[in-house]
Amino acid sequence: MPVLINVSNTLDFNLSNSRISYVFRVSPEGLLEHLHFGGRVEPTANYPSTPRRLHRSCTLEFQDSEHYNLSDVPQEYPVFGTTDNRYPALHAINKDGNSTHVFKYDSYEILDSKPRLAGLPSARGGDSQTLVVRLLDEVAQIQVDLSYTVYAEHDVIARSARITNIGESLVRLAHAMSSCLDMPAGDYDLMHLHGTWAREQNQKRMPVPQGRFALESANGTSGNVHNPFLALMDSNATERSGRVYGTAFVYSGNFAISVEMGEFDSVRVTTGINPFNFEWKLASGESFTCPESLQVFSPNGLNGMSQIWHKFVKEKISPPQFKGKARPTYLNSWEAAYFDINEDKVLELADRTKSLGLDMLVVDDGWFEGRDDDTSSLGDWFSDQQKFPNGIEAVAAKVKAKGLKFGLWFEPEMVNPDSQLFREHPDWIIHVPKRVSSKGRNQLTLDLSREDVRNYLFDCIDPILSSGHIDYVKWDMNRVMSEIGSASLSANRQLETAHRYMLGVYALIEKIVSKHPQVLFENCASGGNRFDLGMLHYMAQSWTSDMSEPIGRLPIQNGASHLFPPCVMASYIGPVPSHLNGRKVSVKTRAEVGFFCAARGLSLNAEDVDADFEELKHYAKLYKDTADDVVNGTFHRVQYDDNEVCWQLTSSDGSKVYLGYFHILSAANLPFRRARLVDIDASRQYRLQDSDLTFGGDALMHMGIDLPYVCAMQWSDAEYLDKGDFASKLFVFERV
Ligand code: GLA
């Protein structure tokens, strides 16, 4: 195990691999001062920049320390109450009823690798060391253990905090962040991903404003409004250059990422559970574990940051049993049949799946008792007797007998009021007394903080998976929370409901996936309403968005690629006109946008399959032939604007390079464009498939390849893009 953590006699902590360092120290007052996060800095007795002590008029001085004003001191885990009135990492109401705290260094411990966070998703260890620093507030009788994991091969620092009440009386946690990163004064931009249903993951970049900018969810899911991810960067950073600091939260519920530029222009980034509508009571001896927050540093721009995330997600977040495994190509019944599904239709679709050369048939919504539309039946996880008289397991067996895999949809966390389950257990939902529970898509949220609810769900799902016929599960979740409360919690603990719900969801999923490790789980929440590293810890892939139409998908996949590698993204070729936005797009463009997700298939009925059979078969084969490359390859955003998108995917051995070019609206007399390939071997030659052309890697990277011309009048033999809007071309280069 390499030594990644160095602690000096004067208690300077240096966490470094060969590329990055995270450095902090214990101040003379016993507080943890942050010194550096960025490029590697050797452990030394003297760092050139340390928090300054000088007289400033009109500022406070920390207790008995001269010229020590914490609102200008970078700190590891700042609290409120002395001289720093910025947004803190921890805000607790102590036994004396006040919220003033001073946490002083107590001790530290270095662990090989990385312990799991109990009951929560967290990155795996391995080539890593973990530093746990204990802080104590002796007056309030609260202890904080800060954990930092540094990896030899990943430019990521994993952080979390555990808060323990070591006194006799109750402590109320009002605000318990997982991490704080205090950056020196500078010119920074921030970038985040925002959206809504079917329009998730839009990237937005802006200068860091004076004041406080926050991404938050109070929905009970991490959500599609903001992904729990943010990049802070030097204002001159680009895709490929400049310092970028990314944070992502390994959690799927209410979160808050806050960026605060204070009076002296330093910038504080905190990541954790949203303090709004949250309170946690800690009785004597009890601890609260904050979910994990990840910090990455790249000196190579946003693309450099994405490369670090992609590698980390593949190696340390995703379930290891699916690492590097080609995802089955599939036909999903949703946009093919919606709720109008039955045994005959499944078998008909299975025949199409087979004749197209796809691997798996997925039965989406509509297979369980009475589920003819979205007004009923969620909660009653038994095969519908009319549609599947022999049970869904028997149909699964028939599909499998055709040499296919079989997948099934569940939405375990939900119940319709019109269901047997709700009629029997009306108190099993998230609700508050004496208020009407607001419905979303006609459904209510089951209270998964309750063990009886979790046991019921386990007992429904486990036997179906135990039939041995289910290869894949799409785990859906189609509403956010309202009237948030739990019948199982006392009145003074109701604000714990949303987090207890998430702990319950994780407990149930953990129990199911660990009993059925061979089943491939796909995370879905109306598409991307819970597309986060928490869910991806348990499930190898995620339904990226309900937006299956490729032009609507471009910004979604592009935005998501800042954090997520193609191996966790799922796509399919949907019908035309699109059921989502009415757009008519060729099979080619539908297939080529979807190409850049590792889980690929289609959702078309038998008639639509037959209408485009040969072309679909061609793409099914391409999907199958390239499945290994996409799951293991590296992805680069080559170009992105409102009208043109270029993505590159390079196979893990570098022998194949795929360049997708997508042109949205056509126009007359456009400029000639070219795209420069990224990170290929300059000294090798690359043959362009379906041509006699071979180019040097150096030329492809430094000169770029001519993109096909967009023009309605095609009168020379130059290469043109298909006429009209929504055109695409997939270049395939083979290294020779
Ligand atoms: C959600 C999912 C869809 C589909 C439907 C079924 O909207 O995102 O892919 O599974 O539910 O009801």
- Task: Please give the FRET efficiency for Ala699 paired with Arg205, using the beta carbon to beta carbon distance and R0 = 30 Å, rounded to the nearest 0.05.
- Result: 0.45
- Item | GluC sites (Glu not before Pro) restricted to region 133-193 and DSSP loop, no more than 12 other C-beta within 10 Å | Glu168
- Query: Using alpha-carbon pairs under 8 Å, 6+ residues apart, how would you state the relative contact order of region 640-735 in percent?
  - Reply: 34
- Task: Order these peptides, 346-353, 583-590, by their mean beta-carbon neighbour count within 10 angstrom, highest first.
- Result: 346-353, 583-590
- Message: Give me the 1.4 Å probe accessible area per residue for region 640-735, excluding ligands and nucleic acids, in Å².
- Response: 52
- Can you pull the percent of the chain's accessible area that's carbon plus sulfur, 1.4 Å probe, other chains left in place? 49
- Task: Would you mind counting up the charge near Lys729? Only other residues with Cβ under 10 Å from its Cβ, with Lys and Arg at +1 and Asp and Glu at -1.
- Result: -2
- Item | Taking the chain and dividing mean pair separation by its residue count, relative contact order in percent (alpha carbons under 8 Å, at least six apart) | 10
- Using a 1.4 Å probe, how large is the accessible area of Phe276, given in Å² and rounded to the nearest 10? 130
- Query: Hey, if we sort Leu358, Leu665 by accessible area with the 1.4 Å probe, largest down, what's the order?
  - Reply: Leu665, Leu358
- Query: Ignoring ligands, DNA and RNA, what accessible area per residue does region 5-317 give at 1.4 Å, in Å²?
  - Reply: 36
- Query: When Lys and Arg each count +1 and Asp and Glu each count -1, what net charge do the other residues less than 12 Å away from Asn17, Cβ to Cβ, add up to?
  - Reply: -1
- Query: With every protein chain present, what accessible area does Lys624 have (1.4 Å probe, heavy atoms only), rounded to the nearest 10 Å²?
  - Reply: 100
- Ordering Glu607, Glu200 from largest to smallest accessible area (1.4 angstrom probe), what's the sequence? Glu607, Glu200
- Task: Please work out the FRET efficiency for the pair Phe382 and Arg583, using the Cβ-Cβ distance as r and a Förster radius of 35 Å; give the result to the nearest 0.05.
- Result: 0.35
- Note on the structure: Residue-normalised 222 nm signal for the chain, counting each DSSP H run of n ≥ 4 as -39,500 (n - 2.57), nearest 500 deg cm²/dmol, is -5500 deg cm²/dmol
- Message: Rounded, prolate or oblate, given the Cα gyration tensor of region 5-317, with a/c below 1.5 counting as rounded?
- Response: rounded
- Item | Amide N of region 497-522 lying under 19 Å from the label point, which is placed 7 angstrom from the Cα of Ala283 along Cα→Cβ | 497, 500-501
- Note on the structure: Taking only protein heavy atoms and a 1.4 Å probe, the highest-to-lowest accessible-area order of Arg124, Arg240 is Arg240, Arg124
- Message: I'd like the accessible area for His310: 1.4 Å probe, protein heavy atoms, all chains in place, Å² to the nearest 10.
- Response: 10
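The values are calculated or read from the model by the stated rules, or taken from the named source; none is laboratory data. Please read all numbers here as calculations on a predicted model, not as lab measurements. Note that each Cβ is placed from the backbone with ideal geometry, even for glycine, and that neighbours are counted across all protein chains shown. Heads up: the accessible areas ignore ligands, DNA and RNA and are worked out on the full protein's heavy atoms, side chains in. Shrake-Rupley method; radii C 1.70, N 1.55, O 1.52, S 1.80 Å.
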